[in-house]
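Input: a single structure, listed below in structure tokens.
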Amino acid sequence: MRTEMPQVIQLSDYQAPSYWVDETSLCVQIFDEYTDVQARLKMRANSDRPTGSPIVLQGVDLTLQALSIDGVAVANYEVQGEDLIIPAPAATTFEVQSRVRIYPRTNTSLEGLYVSGGMYCTQCEAEGFRKITYYPDRPDVLSVFTTRIEAPKSFKTLLSNGNPVASGELDADRHMAEWHDPFPKPSYLFALVAGDLVDVRDTFVTCTGRTIDLRIYVEPHNRHKTAFALSSLKKSMTWDETVYGREYDLDIFMIVAVDHFNMGAMENKGLNIFNSACVLADPETTTDDGFERIEAIVAHEYFHNWSGNRVTCRDWFQLSLKEGFTVFRDAEFTADTHARAVKRMDDVTLLRTSQFAEDAGPMAHPVRPSSYIEINNFYTLTVYEKGAEVVRMLHSLLGADRFRQATDLYFDRFDGQAVTTDDFVTCMADVSGLDLTQFKRWYDQAGTPRLKVEGHYNAAQQTFSLMFEQFCPATPGQPEKLPFHMPVKLGLMGKHSGAELMFSTDHPGYDATLQTFSLRKANDTLVLRGVTEDAVPSLLRDFSAPVVLSYPYTVEDLRHLVRHDSNAFNRWDAMQTLATRVLLSAVRGAAEADGLKTVLTDAVRDVLVDDTLDHAVKARLLRLPSQAYLAEQYTPVDPVALDKVHTDIRRDLGQSLAAEWQVLYGQTQPEAAYVFEHQQVARRALHRVALSYLIAGDHTAWHLAAELYQQADNMTDQSAALQLWGEVANEAWDEAMNGFYQRWQDDAQMAEQWLSIRATVPRIRVPEIRRLTEHPGFSWTNPNRVRSVIGGFAMRNPVAFHADQGAGYRFLADAIIQLNSLNPQIAARLCTPFTYWRRYTPEIQDAMQTELQRIVAVEALSKDVYEVVSKSLV
Ligand code: PHE
Ligand code: ZN
């Protein structure tokens, strides 16, 4: 048990810093066993703050060797927790000089300066810079950095932010490089790399004709995996110029790939550092999903140069200011680059499956949280994905043109500053004249709002009335909620004609150009006039607000929407609603379950034989909602029973439509060599769906998967084949898997892929998973390997995780306890499955609660794990 309770940080306690740091000069000397960091901070008292305030610098795991101000040694400092407190100097401007020693080789937290493989690299967001030197480590202190790196010559590549200004030899064995970044930045955007790397180069000519030097630095054996990220980078640069008018600012833009990384990637100014799994790609080893993900992450980090770096966050409560906005930007980039409706389906699926769960659980928090114990626990789906939905709603409410004017104003007004989500919304309001006071509740109130709608057609008056009611469930610390300002994009589909119906309305909340109703009240009625026939309303088109919608649709209504809705997203959504209804009725053992299954089969057949549908849309229409998604829809969840229903219905669909699946499988055979482009990607997705139903319907169809595995010329088909084949236990699969490992063990991305396939095979049990953690391909200090094996088992393999009376829970708790001392961030993330313990049947609740108790009793529990576990137990 922790001896002292960790401190809770409150937004309401925010105070501007007492001192600014105008210039920061670092000298980082890398030696074998340790690294010395000398810092010179040109500080200036903040005239808005009381004079005589002490200087407060943060530092963690630093050995202080020297400290002086303007050359005079300081002895009367105090250390309180992470703070180093120095009495106020007499002058208002002065230089703080320090020297510390750090030990990157033993830093397994992967925060601060650490070693990955043979290279040194840094990760400073959110509060990692304090593991490098004493500093006011807060995002509202912006400083111009000059960084000198000294290292043995075996580290050929020495990089930091900004532009290279000097380099040279120090002696026979050591050399140096110096970098200068002219743009003031907070310490979380600092980066440094020292390694034996190769760079692949390209150039980009900006809209004003400046030539930018682009470089991707990788270990030599990864040189062949850089082309895709480079071309994604150039696309992103063009897109940001075209869509947002944002030009790149430095003369050089660098990306470095590292194997050990806690997250996906990091937007350090001019020197992005990427998890190698999120940047390295080639057609032989990367799946279609992998390419799309890499392209989106490269874009995301690049877009941060404006939304995050040029304009940054005042404090960490404002994290969504940069993350929500940047996720919205990368989602739009992907939508413009590939298929808009499909991208929306995938994003909404993630939101509904995982963010809604977070919003309904013990860690629920607003997009702008108001308190935290460990900020690393707030890099969440709520801050990122729901935050992006909030920006998307602003985009819907303003329309594209005014939204662009508002972002121009935002970048212009706040360039070089650290600001808040309020500042962002103010720009939206200033440009549009809209009153967004109520809208801001999206930033403050946690929980997923419920939107209940009913409709009534009056034939005599030709009106269709929509009665809206909104409500938001309580979340921790927020028992009561006020109504949200919700954009509800809608239309009416004629019941008889199947056509989109015209209407007018005098409700001031309806914007006809945007086809969007702004719901502001808890209850409201929208009367649509001139409606010539009864209709099925198509509501919340394109998922115009992140809410749970309910409307008393009959199954016929839903099928009508699947067939006729002019909004592609809502056609898919109607199919999801229908399938969910069928699956849940079977879970409940409801009387109408059998009848509903027939309806589902008919609906699936309709889609299957529809040749007019885009393949990517078709694949998504045919896929059933996942077990994770369904587990969100009811309580108490019995995962084994849920799996049985899911499996039964997939088998039934596989059997009753066997002929159609076969035809589809045949029609979607490859016609050309592998390329990552929409038509092919869509075809492969559909091919996979057909194969999965064929195997679900008849296990002997595994030989199709085996054939696909052997014949495919790409990793998309090969890995899908291995996964589907893995659902059917047989020796041939084991052999194929062994062959795969032999072939690919030296390729990090492939080894991770292999581990992940093993860990997600439904029949795997704890003894084999434990053995997998002893496999040479596994490593407790490599987050990607941990995510593949532990994450795969506990988060993406419900049948296995919940099998054997809690054996899986014990395994997960053991893993969390082990990781707690190695890498607290990763340990805390793995607690997620336990946070949902209250949703399950009583026996599962007991078993999970026991494990949570066992974790919270651990000595030296990190703040990260403590926060998640203790909040879960409340
Ligand atoms: N800021 C990074 C991003 O979303 C994520 C990140 C956070 C990376 C913390 C590392 C550490 O682009
Ligand atoms: Zn980001």
Name the pairs whose Cβ atoms lie under 9 Å apart, with the first residue in the range 252-279 and among the hydroxyl-bearing types (Ser, Thr, Tyr), the second within 15 Å of ligand 2 (Cβ to nearest atom), and 6 or more positions between them or separate chains?
-> Ser276/Phe261
With respect to Arg293, is the statement that it is closer than 29 Å to Ala673 by Cα, in a helix (DSSP H, G or I) and within 16 Å of ligand 2 (Cβ to nearest atom) true?
-> yes
1 or more residues within 16 Å of ligand 1 (Cβ to nearest atom), without any contact (Cβ under 8 Å) to a residue 24 or more places away in the chain and more than 22 Å from Ser626 (Cα to Cα): qualifying helices (runs of 4 or more DSSP H) within the range 313-407 | 319-337
Please state which one of His395, His365, His300 is surrounded by fewer than 21 Cβ atoms within 10 Å (Cβ to Cβ) and either of a type in the set (Asp, Glu) or outside the structural domain of Gln825 (by TED's automatic domain parsing) (or both).
-> His395
Scanning the range 761-771 residue by residue, those crowded, with 21+ Cβ neighbours inside 10 Å and part of a helix (DSSP H, G or I) turn out to be Ile769
Could you tell me whether Asn222 is within 14 Å of ligand 1 (Cβ to nearest atom) and either assigned to a strand (DSSP E or B) or not aromatic (Phe, Trp, Tyr) (or both)?
-> no
Residues that are surrounded by 19 or more Cβ atoms within 10 Å (Cβ to Cβ): find the strands (runs of 3 or more DSSP E) completely inside the range 468-569 holding 2 or more of those.
-> 486-489, 491-494, 516-519, 523-529, 535-538
Mind telling me which of the residues Gln38, Gln7, Gln15 ends up being within 22 Å of Pro184 (Cα to Cα) and part of a loop (DSSP other than H, G, I, E, B)?
-> Gln15
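Please enumerate the residues belonging to the range 102-129 that are part of a loop (DSSP other than H, G, I, E, B) and among the aromatic types (Phe, Trp, Tyr).
Listed by number, the list holds a single entry, Tyr103.
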Go through the range 222-235 and give me each residue that's polar (S, T, N, Q) and out of contact with any Asp or Glu (no Cβ under 8 Å at 6 or more places or on another chain).
-> Asn222, Thr226, Ser231
When every residue in the range 399-456 that is of a type in the set (Ser, Thr, Tyr) and surrounded by 15 or more Cβ atoms within 10 Å (Cβ to Cβ) is compared, the one nearest to Ala535 (Cα to Cα) is Thr448
Determine, yes or no, whether Val96 is in a strand (DSSP E or B), in contact (Cβ under 8 Å) with a residue 60 or more places away in the chain and either more than 28 Å from Ala860 (Cβ to Cβ) or not hydroxyl-bearing (Ser, Thr, Tyr) (or both).
-> no
Scan the range 613-669 for residues that are under 28 Å from Asn567 (Cβ atoms) and over 28 Å from the mean Cα position of the chain (by Cα) and jot them down.
-> Leu613, Ile649, Arg650, Leu653, Leu657, Glu660, Trp661, Leu664, Gln667, Thr668
The listed residue being surrounded by fewer than 24 Cβ atoms within 10 Å (Cβ to Cβ), among the aliphatic types (A, V, I, L, M) and under 24 Å from Tyr114 (Cβ atoms), out of Met254, Met266 | Met254
Taking the condition in contact with a Phe, Trp or Tyr (Cβ under 9 Å, 6 or more places away or on another chain), away from ligand 1 (no atom under 16 Å from the Cβ) and at positive phi, does Gly245 pass?
-> yes
Filter the range 277-312 for residues that are β-branched (Val, Ile, Thr) and away from ligand 1 (no atom under 16 Å from the Cβ); which is farthest from the chain's Cα centre (by Cα)?
-> Thr285
Restricting attention to the range 57-78, report how many residues are surrounded by fewer than 16 Cβ atoms within 10 Å (Cβ to Cβ) and either touching a residue at least 24 places away in the same chain (Cβ under 8 Å) or closer than 23 Å to Pro186 by Cα (or both).
-> 7
Exactly one condition in (1) touching a residue at least 40 places away in the same chain (Cβ under 8 Å); (2) within 19 Å of Lys185 (Cβ to Cβ); (3) within 11 Å of ligand 2 (Cβ to nearest atom) is not met by His300; state its number.
-> (1)
In the range 698-739, which residues are touching a helix residue (DSSP H, G or I) at 6+ places or on another chain (Cβ under 7 Å) and β-branched (Val, Ile, Thr)?
-> Thr716, Val728
What number of residues within the range 432-474 are within 24 Å of the chain's Cα centre (by Cα) and without any contact (Cβ under 8 Å) to a residue 24 or more places away in the chain?
-> 1
Inspect all residues belonging to the range 120-135 and state whether any of them is away from ligand 1 (no atom under 16 Å from the Cβ) and surrounded by fewer than 17 Cβ atoms within 10 Å (Cβ to Cβ).
-> no
If a residue has to be under 34 Å from the mean Cα position of the chain (by Cα) and surrounded by 19 or more Cβ atoms within 10 Å (Cβ to Cβ) to count, how many in the range 586-606 make the cut?
-> 5
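The values are calculated or read from the model by the stated rules, or taken from the named source; none is laboratory data. From a predicted model like this one, the values you see are computed outputs, not experimental measurements. FYI the Cβ positions are ideal-geometry reconstructions off the backbone, even for glycines, and counts take in every protein chain you see.
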